[in-house]
Amino acid sequence: QVQLVESGGGLVQAGGSLSLPCAASGRTYNTYAMGWFRQSPGNERECVAAISWSGINIYYADSVKGRFTIYRDNTKNTVYLQMNSLEPEDTAVYYCAADQGPYITRNPNAYDFWGQGTQVTVSS
């Protein structure tokens, strides 16, 4: 069992930055792949980034490549999403999730545990 708690959301102007930490508890956290997802009203939940347990394998959605960075600190049981050059289209609730599978995936159905989400609003 893994419990996930996101923080760091808020209101930011276009072009600004936010860092979202996701703190995990559970003895086997370090063996899980982690993903960051977002969902806005009327849209499906979208994977913006994912990282393997080792940190070696990383996925980014095309819409965030070059602007967002996912990384993890297994000594702190925390995965981060650094978001730069934010755009109004990035406005959404952001969720982190943990996947017990051996590969990173953008499929939300593959993830076993979810946080409660944190709101990110980017004003134009």
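Please specify each residue of region 1-58 satisfying the condition of being of a type in the set (Ser, Thr, Tyr) and farther than 14 Å from Met83 by Cα. Show your work before the answer.
Here is the first cut: in region 1-58, the ones of a type in the set (Ser, Thr, Tyr) are 7, 17, 19, 25, 28-29, 31-32, 40, 52, 54.
Correct list: Ser25, Thr28, Tyr29, Thr31, Tyr32, Ser40, Ser52, Ser54.
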Check: Within region 79-124, how many residues turn out to be within 13 Å of Ile51 (Cα to Cα), surrounded by 18 or more Cβ atoms within 10 Å (Cβ to Cβ) and β-branched (Val, Ile, Thr)?
Finding: 2
Notebook entry, point to check: Which of the residues spanning region 19-37 are modelled with pLDDT of 95 or more and open to solvent by 20 Å² or more (accessible area, probe 1.4 Å)?
Noted result: Ser19, Pro21, Ala23
Next item on the list: Kindly indicate whether Asn57 is in contact with a helix residue (DSSP H, G or I) (Cβ under 8 Å, 6 or more places away or on another chain) and polar (S, T, N, Q).
Entry: no
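Filter region 47-59 for residues that are buried (at least 16 other Cβ atoms within 10 Å of the Cβ) and more than 10 Å from the chain's Cα centre (by Cα); which is farthest from Ser25 (Cα to Cα)? It would help to see each step written out before you state the result.
Going residue by residue through region 47-59, those that are buried (at least 16 other Cβ atoms within 10 Å of the Cβ) are 47-53, 59.
In the following step, the residues that additionally are more than 10 Å from the chain's Cα centre (by Cα) were identified as 52-53, 59.
On the way: Ser52: 17, Trp53: 15, Tyr59: 23 Å.
Restricting to residues being buried (at least 16 other Cβ atoms within 10 Å of the Cβ) and more than 10 Å from the chain's Cα centre (by Cα), the top hit is Tyr59.
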Note to self: With the requirement that a residue be closer than 19 Å to Gly9 by Cβ and touching a Gly at 6+ places or on another chain (Cβ under 9 Å), what does region 51-71 give you?
What the structure shows: Ile70, Tyr71
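The values are calculated or read from the model by the stated rules, or taken from the named source; none is laboratory data. These numbers come from a predicted model, not from an experiment. So basically every Cβ, Gly included, is an ideal-geometry build from the backbone, and we count neighbours across all protein chains shown. Side chains are part of the model used for accessible areas, which takes the heavy atoms of the whole protein and leaves out ligands, DNA and RNA. Shrake-Rupley method; radii C 1.70, N 1.55, O 1.52, S 1.80 Å.
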